[in-house]
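One structure is given here, and the rest of the page talks about it.
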Amino acid sequence: MQGRILWIEGKRTPSQKFIRELENRGFEIVVVNSGSSALQTFDSFDPDIVIVDSVSLRSSGKRICRSLREKSNGLPILLITDEKTKLNEGCVTVILTLPFTIRKLINRITPLLPSKGNKVIHRGAIRLDLEHQRVRCQGRESRLTPRLTKILKILLLNAGKVVERAELFRQAWDTEYVEDTRTLDVHINWLRKAIEPDPKNPQYLKTLRGVGYRLDVQ
């Protein structure tokens, strides 16, 4: 699969040939007809990029793009328009003005997609880009420090299993001194802020008191 695309276009407009051609090239695409439908689809589909066809929506698309940006800071948004429009308040990543070819569309999409292969770990709703030290969860993307990236990598590779505090500290800090692991608690709190919808009531990164931590993802 090349990547996941959430495509927003008007109800009365048949799916453009671009969608079929992208699917033929290995992209997974979900088409919705409004901004509200897009927001409802975010968490379950977890797109790599959102494409807003403002021409078929018969609007500028800016209101939808702002709503999407509020929902997912960092997720690429490509806006299709039939007029030259400046990027608005940073809510749009790329603007493509009709007419354009499928090759041009792919050339614009490709740099916005996450890295592939061993540089990305994807478990359930959590996707960790090791190369760029970024994590995405439920459509929200955050930049991590090298240490947080290492901790999350360990937890993802052991998803569903309890990782003991001392072992997590040993691997993340590359040390045999594990007498004082309080700094680990601080990093876990930072990590929860990056991946949890509600860090105070974590649904993914669980603490097993006196034992360690477990990352619950499907």
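What follows is calculated from the coordinates using simple rules that are stated; it is not laboratory data. These numbers come from a predicted model, not from an experiment. Note: ideal-geometry Cβ built from the backbone for every residue, glycine included; neighbour counts use all protein chains shown.
The dipole here belongs to region 117-215: it is taken about the Cα centre, uses +1 on the Cβ of Lys and Arg and -1 on the Cβ of Asp and Glu, and is about 400 debye. For the chain, the longest principal axis of the C-alpha atoms and the axis of helix 182-195 are separated by about 20°.
Pairs of Cα atoms nearer than 8 Å and 6+ residues apart set the relative contact order; for the chain it is 15 percent.
In the chain, the longest principal axis of the Cα atoms and the axis of helix 62-71 are about 10 degrees apart. Shape descriptor for region 3-112: Rg over Rh equals 0.91 (Cα atoms; Rh from the Kirkwood inverse mean 1/r). Taking the longest Cα principal axis of the chain as reference, the axis of helix 146-157 is set at about 90 degrees. Within the shell defined by Cβ-Cβ distances under 10 Å, the residues around I5 carry a net charge of -2, with Lys and Arg each +1 and Asp and Glu each -1.
A DSSP coil position with no more than 16 other Cβ atoms inside 10 Å describes the following GluC sites (Glu not before Pro) in region 125-191: E131, E176, E179. For the chain, the dipole from Cβ point charges (+1 on Lys and Arg, -1 on Asp and Glu) about the Cα centre works out to 460 debye, to the nearest 20.
Looking at region 110-218, which chymotrypsin sites (Phe, Trp or Tyr not before Pro) are DSSP coil and have at most 14 other C-beta atoms within 10 Å of their C-beta? Show your work: numbers first, answer last.
On the way: sites: F169, W173, Y177, W190, Y204, Y213; in loops: Y177, Y204.
Listed in order of number, the matching sites are Y177.
Put a plus charge on the Cβ of each Lys and Arg, a minus charge on the Cβ of each Asp and Glu, and nothing anywhere else: the dipole of region 3-112 about its Cα centre is then about 360 debye.
Counting only C-alpha contacts under 8 Å and six or more residues apart, can you give the relative contact order of region 3-112 as a whole percent?
Numbers: 160 pairs, mean separation 27.3, N = 110.
Averaging sequence separation for qualifying contacts and normalising by length gives 25 percent for region 3-112.
Legend: distances between Cα atoms for K17/K153; K104/K153; K71/K206; K119/K200; K153/K193; K11/K200; pairs beyond 28 Å are K17/K153; K104/K153; K119/K200; K11/K200.
At most 15 other Cβ atoms within 10 Å and a DSSP loop assignment: could you name the trypsin sites (Lys or Arg not before Pro) in region 132-163 that fit? Walk me through the numbers on the way to the answer.
Working: sites: R134, R136, R140, R143, R147, K150, K153, K161; in loops: K161.
Listed in order of number, the matching sites are K161.
Could you calculate, for region 117-215, the ratio of the Cα radius of gyration to the Kirkwood radius, expressed as Rg to Rh? Rounded to two decimals, Rg/Rh equals 0.93.
Calculated from DSSP H runs of 4 or more alone, at -39500 (n - 2.57) each and per residue, what is the 222 nm mean residue ellipticity of the chain, nearest 500?
Numbers: 8 runs with 76 residues, N = 218.
Value at 222 nm, helices only, nearest 500: -10000 deg cm²/dmol.
Computed on region 117-215, with alpha-carbon pairs under 8 angstrom and 6+ residues apart, the relative contact order is 25 percent. Among N33, N189, N24, the largest mean-square fluctuation in a Gaussian network model of the chain, built with springs joining Cα atoms closer than 10 Å, belongs to N24.
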